[in-house]
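A.B. asks: Sharing a structure, written as structure tokens. Questions coming.
The values are calculated or read from the model by the stated rules, or taken from the named source; none is laboratory data. All figures in this text were calculated on a predicted structure; none of them were measured in a lab. Counting neighbours? That spans all protein chains shown, and the Cβs are built from the backbone with ideal geometry, glycine included.
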Amino acid sequence: VQRFISEDRLPHLLLYGPPGTGKTSTILACARQLYREREFGSMVLELNASDDRGIDIVRGPILSFASTRTIFKKGFKLVILDEADAMTQDAQNALRRVIEKFTENTRFCLICNYLSKIIPALQSRCTRFRFGPLTPELMVPRLQHVIQEEGVDVSEDGMKALVTLSSGDMRRALNILQSTSMAFGKVTEENVYTCTGHPLKSDIANILDWMLNQDFSTAYRKIMELKTLKGLALQDILTEIHLFVHRGGHRVRLRIIPERPNLPLALTECFLLSTVDFPPSIRIQLLIKLADIEYRLAAGTSEKIQLSALIAAFQVTRDLVVAEA
């Protein structure tokens with residue numbers, strides 16, 4: 001993009017990727033580099049396409065802006081269409097014709113989260129740039145800059161929690177930082193997780209421990225009490241548990257197995273240090289069950305029933321591990 005600007009050959013642009021990765025900031029920085037402050041308002045049109053998704057926004061403000069030429073300024077105008085994937089099909093087709101007609105004096109920059117929602121005709125007329133989720137190496141220095149400027153008290157584990165929960169979304173990281181600081185004063189791991197309503201790692205460890213070691217009724221009661229006390233959503237619990245199962249290698253204590261009370265001491269000690277790193281065949285079955293539960297949650301079914309299914313899935317898996325041993 002920098003080369004396009006320096007050579008004055010900026011094409012139509014299509015910036016896509018997840019939210020909070022710098023798409024809008026990038027094109028606004030380019031616009032500030034292209035135009036002086038006093039001519040910025042007359043040379044740049046910035047629209048949020050989700051405000052008005054219909055064809056009228058193309059026939060009205062966009063067409064009017066693109067069709068007027070500048071008298072005292074050489075070069076092109078710039079139209080920035082944020083959230084372009086929210087535009088209707090008819091509006092996108094109309095925009096294609098406007099882009100073709102006024103290419104000589106206007107450049108268009110479309111910004112979207114989902115490339116698949118932009119019609120192929122528009123994609124083919126733009127140079128595409130994908131913005132991936134930001135890495136911790138990019139996020140931490142920027143967060144530290146904001147923390148220093150704002151004088152926020154952030155612990156080391158609090159910083160790690162911010163980066164983990166934001167999942168590469170800088171906007172989300174800053175929002176969590178602000179809300180946690182306002183709510184608790186100091187930004188620690190526990191405060192960050194509490195502020196976002198996300199389960200702590202210790203909560204997930206307890207839930208796994210209950211599902212694998214307690215009987216069904218006790219596990220259900222304890223998890224429901226924890227959910228109510230901390231306001232946790234089953235979807236968030238399921239996501240964290242999936243990471244434990246998928247990555248494996250996390251130690252979970254398997255105490256005395258009720259179905260096998262007469263196990264030799266050595267074998268009992270083996271169960272005490274069992275891990276979530278299940279054998280591949282058992283792990284596959286468990287992941288399929290977790291996927292089914294997530295699908296049903298997304299369909300709006302009862303959380304209580306799906307929690308029962310989650311506990312049952314882990315207890316069946318536990319019995320399979322014991323049987324194979």
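A.B. asks: Restricting the first residue to segment 204-221 and requiring it to be in a helix (DSSP H, G or I), which pairs with a second residue that is acidic (Asp, Glu) meet a Cβ separation below 6 Å and a spacing of at least six or different chains?
C.D. replies: 204/240
A.B. asks: Taking the options 186, 160, name whichever one is under 18 Å from the mean Cα position of the chain (by Cα), at pLDDT below 95 and farther than 30 Å from residue 309 by Cα.
C.D. replies: Every option except 160 fails the conditions.
A.B. asks: If you don't mind, another one. Take segment 175-195 and flag every residue that is part of a helix (DSSP H, G or I) and surrounded by fewer than 18 Cβ atoms within 10 Å (Cβ to Cβ).
C.D. replies: Listed by number, the residues that qualify are 175, 178, 179, 182, 183, 184, 190, 194.
A.B. asks: Specify the residue that is surrounded by the most Cβ atoms within 10 Å (Cβ to Cβ); the eligible residues are those in segment 3-42 that are farther than 20 Å from residue 103 by Cα and basic (Lys, Arg).
C.D. replies: Across segment 3-42, the extreme among qualifying residues is 23.
A.B. asks: Determine, yes or no, whether residue 168 is outside the structural domain of residue 312 (by TED's automatic domain parsing) and surrounded by 19 or more Cβ atoms within 10 Å (Cβ to Cβ).
C.D. replies: Numbers: outside the structural domain of residue 312 (by TED's automatic domain parsing): yes; surrounded by 19 or more Cβ atoms within 10 Å (Cβ to Cβ): yes.
Yes: the conditions hold for residue 168.
A.B. asks: Within segment 43-61, restricting attention to residues that are surrounded by 14 or more Cβ atoms within 10 Å (Cβ to Cβ) and at pLDDT 80 or above, which residue is nearest to residue 117 (Cα to Cα)?
C.D. replies: The residue in question is 47.
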